[in-house]
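Below you'll find the structure, written out as structure tokens, and then a few comments.
Every number in this text was worked out from the coordinates using simple rules, so none of it is lab data. Treat the numbers as computed from the prediction; the structure is a model and nothing was measured. When we count neighbours, we look across all protein chains shown, and the Cβ atoms used for this are built from the backbone with ideal geometry, even at glycine.
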Amino acid sequence: MQHNGNRLDPRPLLIFPGQGSQYRGMGSDLCADFQVARDVYDRASAALDYDMSALSFTDPNEQLNHTRYTQPAILTHSIACYEVMRDLTNDRMRPVAAAGHSLGEYSALVASGALSLEHGLQLVNRRAALMSEHGKGGMAAFPLDADTLRPIVPGFYCGIGGCNVPEQTVVGGADADLERL
């Protein structure tokens, strides 16, 4: 809740997660209990021409941790969660703002109505395909501030990719170099 003058504003702020929040089975509980979640997964499957439910729930081909599939799966799950929240509150709980961490920005745009689910999935699908095609290596989050890591990472042929919070820094590099770091 936000403080608005002398009263609290009960409207929520939504913050959506980025890549790395995926896990096998995500969304299966929602879809077991809520038609609105099943509808989101069905729409995602139709928009992307593959079975988003199978990918997210059982990951039969072990693709969920591949960027190409991770990003659309996280967007789908995020919007399914949002739609369940709307359903449970009879659409009375409307956010005053939405934001996201990296990939989560697309979920925020869909939740706010700036993009349809299908358009958001198309954009994220293209983003993920380009990242998969042109991106090499990986990223790891370290429980250290950037100033501590800055002099260390070049010796491992890595670079600082961002700071999630003051005491968590993301470093990018080749998988073997990240492992050594």
Point-to-point label distance, ARG24-MET93, nm (Cα→Cβ direction, 7 Å offset): 3.1 nm
The chain, relative contact order [Cα under 8 Å, separation at least 6], %: 21 percent
DSSP beta bridges in the chain [antiparallel fraction, %, rounded to 5]: 75 percent
Within the stretch 1-127: Cβ-based charge dipole about Cα centre, in debye rounded to nearest 20 (Lys, Arg +1; Asp, Glu -1): 460 debye
Exposed-loop-free span, longest in the chain, where GluC sites (Glu not before Pro) count as exposed if DSSP calls them loop and at most 13 other C-beta atoms lie within 10 Å: 63-166
Set of the stretch 60-83 residues, backbone N closer than 13 Å to the point 7 Å along the Cα-Cβ line of ARG38: none
Highest-fluctuation residue, ALA37, ALA47, ALA140 considered, GNM on the chain with Cα pairs under 10 Å: ALA140
Potential lengthening between ARG86 and ILE160 on full extension [0.36 nm per residue; Cα-Cα distance subtracted]: 22.8 nm
DSSP H segments from the chain that extend 30 Å or more along their own axis, Cα-based, with Kyte-Doolittle mean of -0.5 or above: 67-88
The stretch 89-181 shape via C-alpha gyration tensor axes, a/c threshold 1.5: oblate
Shape call, the stretch 49-134: gyration tensor on alpha carbons, a/c limit 1.5: oblate
Estimated [θ] at 222 nm from DSSP helical runs (n ≥ 4, -39500 (n - 2.57)) normalised by residues in the chain, nearest 500: -14000 deg cm²/dmol
Shape of the stretch 1-154, Cα gyration tensor, a/c cut at 1.5: oblate
